[in-house]
Amino acid sequence: MMNLIFLGPPGAGKGTLAARAVDILKLPHISTGAIFRSAIAAKSPLGLKVKAIIDAGKLVDDATTIELVKERLAQDDAKKGYILDGFPRTIPQAEALAGFSKVDKVVNFDLPDSPVLERLGGRRVCRKCGFNYHALFNPPKKEGVCDACGGEVYIRDDDKPEAVQKRLEVYRDQTAPLIDFYRKKGLLVDVDASPEVDKVVGNFKIALGVRQI
Ligand code: AP5
């Protein structure tokens, strides 16, 4: 059992790596961003509440997000461990998490601003299965159509330039302090997220001491 957190700036590749890490570690991938996007697509009360906040690149309030994660981690599949991607994102969220789950490791995907802009500028996402593509680095075989499930491949509303700038600012102010928070607890491992995906997967495995794919 391993409870893992994926930390890093927007566009560092947390979702892409999580999709690979699910196969390596056989753990569920729990992404707060993906849960919010499904709620928005379903036009549920949660979705209606958070859509404008997310589109603007701001954070959903702590109370809503903490409750959501607490409920999700209580589900059976998360009892054997989890990969938590996009949570915590503030110190109060990290403190709340410590009250209902024990974190084993925090993987900090490290990437400077300029590749972040390049990655988010080209990101394309499947509306149906959530698979991440990139217009240049990893395009779907047929433009606009997901290779895996045939779903529509689209550009996220929060990947517009103004929202991306806001997300970077929010990351620096509210999320980056978690790096020190977890380093002081001896839980942080750093992974260089700048090379191509396979190399980042290799860096991740070395950082966690995982030998086999
Ligand atoms: P969320 O979905 O968590 O967004 P994020 O943290 O900004 O992360 P991203 O999904 O943008 O990037 P990623 O690191 O997963 O990169 P990806 O793998 O896609 O959250 C969205 C919003 O929800 C937030 O802004 C907030 O409003 C709300 N929210 C979520 N959690 C919250 C919380 N805890 N509290 C409050 N609000 C919350 O990769 C990016 C692109 O790069 C892709 O195109 C990919 O193909 C490409 N790529 C990936 N790796 C590589 C590589 N090694 N080389 C080249 N290209 C690569």
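Inspect all residues belonging to the stretch 101-116 and state whether any of them is surrounded by fewer than 14 Cβ atoms within 10 Å (Cβ to Cβ) and over 21 Å from residue 176 (Cα atoms).
Within the stretch 101-116 (the criterion being surrounded by fewer than 14 Cβ atoms within 10 Å (Cβ to Cβ) and over 21 Å from residue 176 (Cα atoms)), the answer is no, since none of the residues qualifies.
From the list 66, 83, which residue is surrounded by 17 or more Cβ atoms within 10 Å (Cβ to Cβ), more than 26 Å from residue 203 (Cβ to Cβ) and β-branched (Val, Ile, Thr)?
66
Can you tell me which residues in the stretch 111-145 are assigned to a loop (DSSP other than H, G, I, E, B) and not charged (D, E, K, R)?
Matches in the stretch 111-145: 111, 112, 129, 130, 131, 135, 136, 137, 139, 140, 144.
Confirm whether residue 199 is loosely packed, with under 14 Cβ neighbours inside 10 Å, near the ligand (Cβ under 10 Å from one of its atoms) and at pLDDT 95 or above. Even if it seems obvious, please write down each step before you answer.
Numbers: loosely packed, with under 14 Cβ neighbours inside 10 Å: yes; near the ligand (Cβ under 10 Å from one of its atoms): yes; at pLDDT 95 or above: yes.
Here the answer is yes, as residue 199 does meet what is asked.
Please verify whether residue 120 is near the ligand (Cβ under 10 Å from one of its atoms), buried (at least 18 other Cβ atoms within 10 Å of the Cβ) and modelled with pLDDT under 95, treating the condition exactly as stated. Reasoning before the result, please.
Working: near the ligand (Cβ under 10 Å from one of its atoms): yes; buried (at least 18 other Cβ atoms within 10 Å of the Cβ): yes; modelled with pLDDT under 95: yes.
Against the criterion (near the ligand (Cβ under 10 Å from one of its atoms), buried (at least 18 other Cβ atoms within 10 Å of the Cβ) and modelled with pLDDT under 95), residue 120 qualifies.
Within the set of pairs 6 or more residues apart or between chains, which connect a residue that is closer than 17 Å to residue 7 by Cα inside the stretch 97-121 to a residue that is away from the ligand (no atom under 14 Å from the Cβ) and of a type in the set (Asp, Glu) with Cβ atoms less than 9 Å apart?
Close Cβ pairs satisfying both conditions: 107/190; 108/190; 109/190; 110/190.
Might you let me know whether the stretch 54-65 holds any residue that is touching a Pro at 6+ places or on another chain (Cβ under 6 Å) and not small (Gly, Ala, Ser)?
Yes, some residue in the stretch 54-65 is touching a Pro at 6+ places or on another chain (Cβ under 6 Å) and not small (Gly, Ala, Ser).
Of the conditions (1) more than 14 Å from the ligand (Cβ to nearest atom); (2) modelled with pLDDT of 95 or more; (3) of a type in the set (S, T, N, Q), residue 212 fails just one. Which one is it?
(2)
Can residue 91 be described as within 23 Å of residue 16 (Cβ to Cβ), at pLDDT 95 or above and β-branched (Val, Ile, Thr)?
When the stated conditions are applied, residue 91 does not pass them.
Consider the stretch 26-77. How many of its residues are over 26 Å from residue 2 (Cα atoms), of a type in the set (Lys, Arg), assigned to a helix (DSSP H, G or I) and away from the ligand (no atom under 11 Å from the Cβ)?
Total satisfying the criteria: 1.
Scan 98, 163, 148, 94 and give me the residue that is small (Gly, Ala, Ser) and assigned to a loop (DSSP other than H, G, I, E, B).
After applying the criteria, what remains is 148.
Results for (1) without any contact (Cβ under 8 Å) to a residue 60 or more places away in the chain; (2) away from the ligand (no atom under 13 Å from the Cβ); (3) farther than 20 Å from residue 9 by Cα, shown as yes or no for each residue.
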position	(1), (2), (3)
143	yes, yes, yes
157	no, no, no
163	no, no, no
184	yes, yes, no
188	no, yes, no
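Give me the residue from the stretch 167-213 that is among the acidic types (Asp, Glu) and touching a strand residue (DSSP E or B) at 6+ places or on another chain (Cβ under 8 Å) and, out of that set, nearest to residue 119 (Cα to Cα).
192
May I ask you to say which residue of 149, 129 is within 17 Å of the chain's Cα centre (by Cα) and either loosely packed, with under 14 Cβ neighbours inside 10 Å or within 24 Å of residue 51 (Cα to Cα) (or both)?
Of the residues listed, the single one that is within 17 Å of the chain's Cα centre (by Cα) and either loosely packed, with under 14 Cβ neighbours inside 10 Å or within 24 Å of residue 51 (Cα to Cα) (or both) is 129.
Quick one: would you say residue 183 is surrounded by 14 or more Cβ atoms within 10 Å (Cβ to Cβ), under 22 Å from residue 5 (Cβ atoms) and either among the basic types (Lys, Arg) or within 20 Å of the chain's Cα centre (by Cα) (or both)?
Yes: the conditions hold for residue 183.
Given the condition of a type in the set (A, V, I, L, M), modelled with pLDDT under 95, in a loop (DSSP other than H, G, I, E, B) and away from the ligand (no atom under 12 Å from the Cβ), answer yes or no: does some residue in the stretch 1-24 qualify?
Taking every residue of the stretch 1-24 in turn, at least one turns out to be of a type in the set (A, V, I, L, M), modelled with pLDDT under 95, in a loop (DSSP other than H, G, I, E, B) and away from the ligand (no atom under 12 Å from the Cβ).
The values are calculated or read from the model by the stated rules, or taken from the named source; none is laboratory data. Keep in mind it's a predicted model, so treat the numbers as computed, not measured. Note: ideal-geometry Cβ built from the backbone for every residue, glycine included; neighbour counts use all protein chains shown.
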